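Structure first, then comments.
The values are calculated or read from the model by the stated rules, or taken from the named source; none is laboratory data. Everything quoted here is computed from the prediction, not taken from an experiment. Positions of Cβ are backbone-derived with ideal geometry, glycine not excepted, and every protein chain shown enters the neighbour counts. These area figures cover heavy atoms from the full protein model, side chains too; ligands, DNA and RNA do not enter into them. Shrake-Rupley method; radii C 1.70, N 1.55, O 1.52, S 1.80 Å.
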Amino acid sequence: MTEQPDAAAGSPTNATPTAGTGRHGGTGRQSDGRGRCDYCRLPISGEPVSAERDGHRYTYCCGACREAAGDGEKVFTQFHGFRRVPTGVAPLDESLPQGIPRNSFVLLTDLAGTRTEAIQAELVWRALQRGEPAVFVSFLEPPMSVVQQFVTLDWNVLPYLESGQLQILDCFTYRLENRERMYERLNDWNGFLSEAAAEATTQVRDPTELGELHNRIDDVLEERGMEDRGIVVVDSLTEFGSLVQPVQAYDFLKDVRAEVCKSRFVPIYAGATVTGEHQGFPHDLNYMVDGIVELNLDEDLVEGSLLKQIRVRKMGGVLTLPKWTLYEYTAGEGIVTIERREGPPEGGESQEPVTGQQGGGQAGSGQRDGGQHGGGQQGSGTGMGGTGGTYGQGPPAGRPSGSDPIVDSPADEGDGGGAGEDGDDETG
């Protein structure tokens, strides 16, 4: 809940009371005339409790609120229930118009090819842009590769690593017998990213020791002051579940959900590969998580093509619109939603064109795809707005479509992840 310091102890800042009035009406009166509590901002459902302070009269819903207002220096300026925040990811926010409760553990169930890592990167990026801290728990990638995920999308997280706003919990490099040899083999660019991420990285000596892993998570959140702010992203619960026994894994996640989500009010977004054939961990987490986001590949909409889909299956405590949305990712913009239309586009002959909207809500161009799909796959007769005629990543941020290609510097050769690769150097 949003709070503001008071100028004088016990005097609410969410109202401008008038001496002798019964209630201030801060956020509006109820139909029964009782209004809202001057402390918690909830509707007054029973007999109101009042108090006089500095010549003003304040009205509360119960004695506990009256005492808290008298003893404290803050009041709640508005009521949010479990405080909710938007994710910043366009199709998720469209399906969750009230936002996500901050005490949520959200499961991202995926299939190979749905680019779950890009969605996880965007969740972190949008939190950083809101000024919130973020912790990325990586079981699948070393820290430099985590940074590379952002760089590939044209999101520069280096300043956030330097300031400590973004922290990486490294649960990957423990498996390397000779870490020095890995660093010696890095090219200049990846070596630079590794050094840039070093100060913001906490290494877990052995993530199979769940007590150590639990302590590292708690320490990182405590150092960042992450209470009622920030997010935690876990790249793969499936990989985590392969390290320990299923019973241990379930108990650990229940503890983390209780201590991080329910106690600190910090949401966790955790990726997991869940299929009908796989009956091991984490196939039956549905009952204990607060939200489920499904990622799917549909092969029936356009013949010969796999189109990515996303849907919020459930989210506790808020309005949820569970609908499948087509999407793709583009550099600099993040997720791009696609609207399917029947019939040929204007001036075209395609039978099933698809037009798009960028994550920020801009209308797409609706052009047919005559270009390449991301890293070079042939298009499927679908179109996407915002990046020109190419399907997937467009020109890097700050460079207009149609300009000359960017030539990588020698330090970038062969790194496979810098901006300007995977279609970034194609003209629109």
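Could you work out the Rg to Rh ratio of the stretch 62-121, with Rh taken as the Kirkwood radius (inverse of the mean 1/r over all Cα pairs)?
Value, to two decimals: 1.22.
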**Study point:** 300, 284, ranked by accessible area, largest first (probe 1.4 Å)
**Key:** 300, 284
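Quick one: order 189, 125, 155 from most to least accessible surface, probe 1.4 Å. Write out the running numbers ahead of the final one.
Numbers: 189 55, 125 30, 155 5 Å².
These residues rank, largest area first, as 189, 125, 155.
Just need the Rg to Rh number for the stretch 80-212, please, alpha carbons only, Kirkwood Rh. Please list the in-between numbers first.
Numbers: Rg = 16.2 Å, Rh = 16.3 Å.
Checking Rg against Rh, the ratio lands at 0.99.
How large is the accessible surface per residue of the stretch 161-313, computed with a 1.4 Å probe and reported in Å² as a whole number? Spell out each step's value before the answer.
On the way: 7510 Å² over 153 residues.
Accessible area per residue, the stretch 161-313: 49 Å².
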Check your understanding: Just by accessible area at a 1.4 angstrom probe, what is the order of 262, 74 from largest to smallest?
Key -> 74, 262
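Using square roots of five times the C-alpha gyration tensor eigenvalues, list the equivalent-ellipsoid semi-axes of the stretch 170-258 in whole Å, biggest first.
26, 19, 10
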Practice item. Count the net charge of all other residues whose Cβ sits under 13 Å from the Cβ of residue 86, scoring Lys and Arg as +1 and Asp and Glu as -1. Key: +1
Practice item. Take the solvent-accessible surface of the protein heavy atoms, probe 1.4 Å, and return the percent of it on the stretch 107-242 that carbon and sulfur atoms account for. Key: 43 percent
Check your understanding: Roughly how much of residue 201 is accessible, in Å² to the nearest 10, using a 1.4 Å probe?
Key -> 30 Å²
